[in-house]
Amino acid sequence: MSRNISGIAKETKGLTLPILLAGPILRRVDRNQVCIWVAFSRSVHIKAEIFRFADLQKIDLDEKTQLKKTNDNENGAVVIGLGNAKSLRLGENLHIALVIAHPLHETVNVRSEISSSDDATDNTIATGVDFPTDELLAYDIEVTYHEGSSSKIQRLMDFGLLNGKKSIVYRSYHQHERGNNDGDTDIKASSLPTFFLRGQRTPLNILHGSCRKLHGKGEDCLVVADELISSSFDNLRERPSALFLTGDQIYADDVSELLIQYLTQFGIKVMGFEEEINGIHKRLSEIGIGERQDLVQKYAKFTSENASNHLLSFGEFSAMHLLAWNIENWPHTYPDIENVARSKRNDSNKSRSEIVQLEKARKALPAIRRVLANVPTYMICDDHEITDDWNITKEWYEGVKTSTCGKQIVVN
């Protein structure tokens, strides 16, 4: 297996991380604030801008012209909400930010009146005004970071997220009749991700999701949310108001044998170092596929029965979340399944089956990223995101509490 490990290490060693590692994910939204979560591979200053969707449409119905004008100094759309934030460093190549936009007292032209600054942290304005309800809103983010001795500014369009395979925007198609009664299609294109605040005129339409295991059997059902938003893009009586995810967003104990070594190396890449786990006298990169079950039971006092590839380091946990939310973070290849089978002394059919399921999950990720960018998303932490049976009994709690290894993994 040493050849396999080195192969994965070589892949991640030469990996160029995208600037935007994950997101944007739309989080809490109410009349006084719009919260947007993002993860980057370097330190950034981020500015969030909120628009009325109708204002974007008035600029130009031609999509390419519209995109140009909404990023133009003189003809930019009117901003109705604004927020600034600086990223928080979690690792050498892992920086996260939660930027909160608040409604502006007076609308301003985004390019001519407002400038970003690396020194700015928040320009929150307690205005006493609210974001409008029962109408479609849109947002953009502006990211400033250093590249060498100069500063670079990028928006969602520059990250390639407004068109193409990575697009996080929706299109709406409407049929309307002309004098000759011939049907004609009107394309109502969104140039930016959108959302809305439910008021008295729109019903409460909630999407609910449970657990997501990347190598789980079947299709990723969260894709259905993408279809629902797409089909009701500007029909706010039908469009989902919020998404509640009340299950495991990742599985930290039941991890695919085809991902674990990549997750270890990807975690080292984003953190900039290889974390040592208390009590386990092996480097993470030296632990073979399927060799973690006994380690976490003996040293961490965990009780999961599917822990043969359990996540341990903070980098591994971070890497798994980044994979679950962005296709750009996935490995280009999987380990050789025959080597995996020989090392575990089992049939290679299990690995073949996992590849099929992982490819289904990977294929669905662009749609899921689009969903998370276009509907307020609320999540809770469930047990598998840490380990199965987490705090399930007093005995479990006391056992892990007395283990420096167990406490370290829970903290991670």
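Quick notes on this one:
- Pairs, first over 20 Å from Asn374 (Cβ atoms) in region 146-173, second of a type in the set (S, T, N, Q), C-beta under 7 Å, six or more apart: Ser151/Thr144; Ile153/Thr144
- Residue match in region 158-172 (condition: surrounded by 15 or more Cβ atoms within 10 Å (Cβ to Cβ), in contact with a strand residue (DSSP E or B) (Cβ under 9 Å, 6 or more places away or on another chain), modelled with pLDDT under 50 and aliphatic (A, V, I, L, M)): no
- Residues satisfying the stated conditions in region 81-101, i.e. in contact with a Gly (Cβ under 6 Å, 6 or more places away or on another chain) and more than 30 Å from Glu274 (Cα to Cα): Ile100, Ala101
- Check on Ser41, modelled with pLDDT of 90 or more and hydroxyl-bearing (Ser, Thr, Tyr): yes
- Region 311-321, subset in a helix (DSSP H, G or I) and of a type outside the set (A, V, I, L, M, F, W, C), residue most open to solvent (accessible area, probe 1.4 Å): His321
- Residues in region 224-245 that are open to solvent by 40 Å² or more (accessible area, probe 1.4 Å) and not in a strand (DSSP E or B): Val224, Glu227, Leu228, Ser230, Ser231, Asp234, Asn235, Arg237, Glu238.
- Every condition in (1) within 30 Å of Thr333 (Cβ to Cβ); (2) modelled with pLDDT of 95 or more; (3) not in a helix (DSSP H, G or I) is met by Ile268 except one, and the failing one is (3).
Residue-wise test of (1) of a type in the set (Gly, Ala, Ser); (2) open to solvent by less than 50 Å² (accessible area, probe 1.4 Å); (3) at pLDDT below 95.
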| site | (1), (2), (3) |
| --- | --- |
| Glu359 | no, no, yes |
| Arg370 | no, yes, no |
| Cys381 | no, no, yes |
| Thr387 | no, yes, yes |
| Trp396 | no, yes, yes |
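- Of the residues examined, Glu286 is not one that is of a type outside the set (Ser, Thr, Tyr), more than 28 Å from Leu365 (Cα to Cα) and at pLDDT 95 or above.
- Only listed residue being over 23 Å from Thr133 (Cβ atoms), open to solvent by 30 Å² or more (accessible area, probe 1.4 Å), at pLDDT below 95 and under 24 Å from the mean Cα position of the chain (by Cα), chosen from Leu15, Leu88: Leu15
- Residues that are open to solvent by 80 Å² or more (accessible area, probe 1.4 Å) and among the charged types (D, E, K, R) within region 267-310 comprise Glu276, Lys282, Arg283, Glu286, Glu291, Asp294, Lys298, Lys301, Glu305, listed in sequence order.
The values are calculated or read from the model by the stated rules, or taken from the named source; none is laboratory data. Just so it is clear, the structure is predicted and the values come from calculations on it, not from any experiment. Reconstructed Cβ throughout: ideal geometry from the backbone, glycine too, with neighbour counts over all protein chains shown. Please note that ligands, DNA and RNA were not included when accessible areas were found on the heavy atoms of the full protein model with its side chains. Shrake-Rupley method; radii C 1.70, N 1.55, O 1.52, S 1.80 Å.
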